[in-house]
Amino acid sequence: MTDYPMIIGGETRMADSTFDVTDPATGDVAGQAPNGTLADLEDAVAAAKAAFPAYAALPDETRRGYCSQIAAAIEAETEALAQLITRETGKPLQGLGSRFEVGGACGWAGYAASLSMEPEMIQDDNEGRVAMHRKPVGVVGSITPWNWPMLIAIWHIIPAVRSGNTIVVKPSPMAPLSTLRLVEIINTILPAGVVNVVTGPDEIGAAMSAHPDIAKMVFTGSSATGVKVMRSAADTLKKLTLELGGNDAGIVLPDVDPAEIAEGLFWGAFINTGQTCGALKRLYVHDDVYDAVCDELTKLTAAMPMGSGLDEANVLGPLQNRMQFDKVVALVEDAKAQGGRVLTGGAPSTGPGNFYPITLVADVDNGVPLVDEEQFGPALPIIRYSDIDEVIARANDNPNGLGGSVWTRDLEKGRALALRLECGSVWINAHGAIRPDVPFGGTKQSGLGVEFGQAGLDEYCDRQVVFG
Ligand code: NAD
């Protein structure tokens, strides 16, 4: 079995012990990761701190070039990285699976080369000159989840290094292998100490959030852990970007053609078997088209093979871990007990692997936990409505505010309704499509700040204004 080392100060480092990473499709061991300690974290932060002054002083052009080189190096290893992601997450190699994830990582890394670190001239005339400069903040701490492990690591690493910071990355212990390999690749390009990775238990994440030498934390994960990160970052007043949980509502208006929108709805909800922060998690459908939308989604589900991600025939994989599996089982059982009508699925597989079928639950409403809570899995509640004002109120009646969607032939009406939804992104006739040039982030309890685009890069910078 391949050993995946940590990288600290440009050197590979194993720990005294390792922990197993489980293949969710089989329950077998997919690989082993170093069981890093708080001493390893100290070394990683010290290495990042030592590397910062020289790295920050490099010409901006050099850092642009690094981003392009990183994109090319990832692309050259697409297949091996995709296999690794599939083994640790279960997602299919094909379709919107692990090759797509690696492709996204290349796209985000490459795009960063075009972002600007140039000063903005606020005034430059006979009366005077005021220039606003972007400066790196220092050492960044990154904590990532298991659902899109490599892509999210890139979303943290690339803006940090593009803007002249150094970084310590701590991946989820559930799926750390592709991040370990990614950081190894990046270290063949960047100076030693710029990007470091430490794997191990959750306590490493907690120690990072409180570390006095870390100037900024970027965290992607659950809202509950985001609160802990924010709390422990407070003592040292760290800058924070928090990308947290979502419970996105989709609203289907009566003017749609159900057959035409079914595929967009399906993948909006079930990309990565529903384990995606910005997936469609509650579907509100107008009474006039409710039965037809339910029928089309049920038909489509039958045509979507689920199984081992390594088998090219499959477009859907297992849940990544048992905790998530149990959560989906409990939410669906509860919805059934409260009168939910299961259109398809609803019965967990008995193993091996964490397979739970695509499940559509009709005739539920707000107040049922499957609607109110983030299921983060392949079970979609479908809610009937007849009044648009009332359905907007129901969609907004949630502590999360990551994304939302409106499905209609009338774009003007869709845009007007989009503005009434309390969330960071709204798609019309689509759900969840994100781009490296468009800011993405949550409102309400879905997070703080944005990632991507110039606005995302600016979160990794201090602003310094020079008068005169
Ligand atoms: P999680 O919160 O359980 O874990 C995320 C990371 O935090 C892991 O690396 C974990 O080791 C670490 N961690 C655990 N305890 C910690 C502590 N006390 N201090 C610091 N770090 C700690 O989340 P998860 O189960 O890995 O991921 C699923 C969640 O992530 C979902 O809620 C999903 O919506 C969210 N998510 C959000 C986005 C987004 O962009 N908004 C993207 C992906 C996932």
Can you spot a residue in the range 4-16 that is open to solvent by less than 20 Å² (accessible area, probe 1.4 Å), charged (D, E, K, R) and farther than 23 Å from Phe355 by Cα? no
Give me a count of the residues in the range 218-241 that are within 12 Å of the ligand (Cβ to nearest atom) and surrounded by 21 or more Cβ atoms within 10 Å (Cβ to Cβ). 8
From the list Arg181, Arg162, which residue is among the basic types (Lys, Arg) and within 16 Å of Glu451 (Cα to Cα)? Arg162
Return the only residue of Gly128, Gly104 being on the phi > 0 side of the Ramachandran plot, of a type outside the set (Ser, Thr, Tyr), in contact (Cβ under 8 Å) with a residue 12 or more places away in the chain and in the same structural domain as Leu151 (by TED's automatic domain parsing). Gly128
Take the residues in the range 402-432 that are small (Gly, Ala, Ser) and under 15 Å from the mean Cα position of the chain (by Cα), then tell me which one is most open to solvent (accessible area, probe 1.4 Å). Gly424
Among the residues of the range 189-217 satisfying the criterion of being within 17 Å of Pro176 (Cβ to Cβ) and hydrophobic (A, V, I, L, M, F, W, C), which is nearest to the ligand (Cβ to nearest atom)? Ala206
Exactly one of these conditions fails for Leu402: (1) within 16 Å of the ligand (Cβ to nearest atom); (2) more than 24 Å from Phe266 (Cβ to Cβ). Give me its number. (2)
If you check Ser68 against the conditions, is it buried (at least 22 other Cβ atoms within 10 Å of the Cβ), out of contact with any Phe, Trp or Tyr (no Cβ under 8 Å at 6 or more places or on another chain) and hydroxyl-bearing (Ser, Thr, Tyr)? no
Considering only residues of the range 279-288 that are open to solvent by less than 10 Å² (accessible area, probe 1.4 Å) and either closer than 18 Å to Phe440 by Cα or more than 15 Å from the ligand (Cβ to nearest atom) (or both), which is farthest from the chain's Cα centre (by Cα)? Val285
Tell me, which residue of the range 433-448 that is within 11 Å of the ligand (Cβ to nearest atom) and not in a strand (DSSP E or B) is most open to solvent (accessible area, probe 1.4 Å)? Gln445
Just checking, which of Asp255, Asp326, Asp291, Asp334 is assigned to a loop (DSSP other than H, G, I, E, B) and surrounded by fewer than 19 Cβ atoms within 10 Å (Cβ to Cβ)? Asp255
State whether the residues of the range 313-321 include one that is away from the ligand (no atom under 16 Å from the Cβ), free of Cβ contacts under 8 Å to residues at least 60 places away in the same chain and of a type outside the set (Val, Ile, Thr). yes
In the range 400-432, the residues that are small (Gly, Ala, Ser), assigned to a loop (DSSP other than H, G, I, E, B) and touching a residue at least 60 places away in the same chain (Cβ under 8 Å): Ala430, Gly432
Scanning for something in contact (Cβ under 8 Å) with a residue 12 or more places away in the chain and in contact with a Lys or Arg (Cβ under 8 Å, 6 or more places away or on another chain), does the range 223-234 turn up at least one residue? no
Take the residues in the range 105-150 that are within 16 Å of the ligand (Cβ to nearest atom) and aromatic (Phe, Trp, Tyr), then tell me which one is nearest to Gln83 (Cα to Cα). Trp148
Mind checking whether some residue in the range 151-158 is away from the ligand (no atom under 14 Å from the Cβ) and not assigned by TED's automatic domain parsing to the domain that holds Met304? yes
Inspect the range 380-399 for any residue being closer than 30 Å to Pro357 by Cβ, open to solvent by 10 Å² or more (accessible area, probe 1.4 Å), in a strand (DSSP E or B) and within 16 Å of the ligand (Cβ to nearest atom) and give the result as yes or no. no
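Quick check on Arg409: is it out of contact with any helix residue (DSSP H, G or I) (no Cβ under 7 Å at 6 or more places or on another chain) and either hydroxyl-bearing (Ser, Thr, Tyr) or farther than 26 Å from Glu333 by Cβ (or both)? Give the derivation first.
Values: out of contact with any helix residue (DSSP H, G or I) (no Cβ under 7 Å at 6 or more places or on another chain): yes; either hydroxyl-bearing (Ser, Thr, Tyr) or farther than 26 Å from Glu333 by Cβ (or both): yes.
So Arg409 fits the description; yes.
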Collect the residues in the range 20-47 that are buried (at least 16 other Cβ atoms within 10 Å of the Cβ) and in a strand (DSSP E or B), keeping them in residue-number order. Val21, Thr22, Ala30, Gly31, Gln32, Ala33, Pro34
Given the conditions (1) farther than 22 Å from Asp372 by Cβ; (2) outside any loop (DSSP other than H, G, I, E, B); (3) touching a strand residue (DSSP E or B) at 6+ places or on another chain (Cβ under 6 Å), and given that Ile214 satisfies all but one, which numbered condition is not satisfied? (2)
Which condition breaks for Trp267 when tested against (1) hydrophobic (A, V, I, L, M, F, W, C); (2) in contact with a helix residue (DSSP H, G or I) (Cβ under 8 Å, 6 or more places away or on another chain); (3) more than 9 Å from the ligand (Cβ to nearest atom)? (2)
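The values are calculated or read from the model by the stated rules, or taken from the named source; none is laboratory data. This is a predicted model, so every value here is computed, not measured. A quick note on method: Cβ atoms are made from the backbone with ideal geometry, for glycine too, and the neighbour counts reach across all protein chains shown. Protein only, heavy atoms only, side chains kept; ligands, DNA and RNA dropped before computing areas. Shrake-Rupley method; radii C 1.70, N 1.55, O 1.52, S 1.80 Å.
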